[in-house]
Amino acid sequence: MFSFNMFDHPMPRAFQNRFSTQYRCYSVSMLAGPNDRSDVEKGGKIIMPPSALDQLSRLNITYPMLFKLTNKNSDRMTHCGVLEFVADEGICYLPHWMMQNLLLEEGGLVQVESVNLMVATYSKFQPQSPDFLDITNPKAVLENALRNFACLTTGDVIAINYNEKIYELRVMETKPDKAVSIIECDMNVDFDAPLGYKEPERPTQHHEEPAEEETDPSNYEMDIGFRAFTGSGNRLDGKKKGIEPSPVRIDPSDIKRGIPNYDFKIGKITFIRNSRPQPRRIEEDDSVSNFIAFSGEGQSLRKKGRKP
């Protein structure tokens, strides 16, 4: 009996479970079909042909399926997940921002390999435009956008869509590795200053207090406008005495400038109560003080005539 063994040295297990092939890549806008697939542009996943699913199911790979994309012509690489297996054979569809990172053109060749990535614990992003600062809660917006991504690679420029506007962010740092998986992970996010951002200039504060100048009260302008209770009145008895208006002119010496409280402390309120000057007493006319009501003489309508 003779036995023939074609493989004297069996292949390592790592190579048996590895998926590696080349596809021609196109942007999502080239995907044929009646449905709009703009959702692919909002994430970091690609569309592969059904033969890839058949080959991956026969391999003992770990889930979720993560892949390394390499452009051998430019020596650029990135990582991604898979969304569907509905592409034509030999073709895969990539988001536009991913093709820009790989420096790929429509119909270019890309190497697709299955990989296992560590779970992310930290990532740092740098917005590529100061417009990103206009977002009220950027961390919440980024967290919602990263739900469409499967992994992150240091150096990539990802694109997120918010409020009908595209924002680009560069992945500055990822931990614990340069390529990490962000599926079901607790990741701390930090932001770097946006590209082209300038700190606003703060005005210089002068601590020198201006010297207070003593002003002469005589220089104050007198109020020549409306003054209350300066009109003339009418008496019920018809007399004209004591009803002439006599406005009191303001003496400039009566105008006093407020004195600042040099002992003022922040958070302390001081109530200063000053005695008010007594109003001037105007001597009343004797005729007014001695007025007695209903003391006049009456007149009769009937005329008294002499008898003949």
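The values are calculated or read from the model by the stated rules, or taken from the named source; none is laboratory data. The shown structure was predicted, so the numbers you read here are calculated from the model rather than taken from an experiment. FYI the Cβ positions are ideal-geometry reconstructions off the backbone, even for glycines, and counts take in every protein chain you see. With ligands, DNA and RNA removed, areas are computed over all heavy atoms of the protein, side chains included. Shrake-Rupley method; radii C 1.70, N 1.55, O 1.52, S 1.80 Å.
So the values come out like this:
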quantity	calculated
Tensor-based shape of the range 114-157 (alpha-carbon gyration tensor, a/c under 1.5 rounded, otherwise prolate or oblate)	prolate
The range 56-150, accessible area per residue, ligands and nucleic acids excluded (1.4 Å, Å²)	51
Cα-Cα over 20 Å, subset of K124/K178; K45/K178; K68/K139; K68/K178	K68/K139
Whether the range 24-78 is rounded, prolate or oblate, judged on the alpha carbon gyration tensor where a/c under 1.5 counts as rounded	oblate
Karplus-derived HN-Hα couplings along the range 74-83 (A = 6.51, B = -1.76, C = 1.60, θ = phi - 60°), whole Hz, x at Gly and Pro	10, 6, 10, 9, 8, 10, 7, x, 10, 9
Net charge contributed by nearby residues that have their C-beta within less than 11 Å of V119 (K/R +1, D/E -1)	-2
Check: the range 16-149 dipole with +1 on Lys, Arg Cβ and -1 on Asp, Glu Cβ, in debye	480
Protection-proxy order for peptides 123-130, 294-301, each taking the mean of Cβ atoms within 10 Å per residue, highest first	123-130, 294-301
Residue-count net charge about V171 - beta-carbon cut-off 13 Å; Lys, Arg +1, Asp, Glu -1	-2
10 Å beta-carbon shell around M99, net charge (K/R +1, D/E -1)	-2
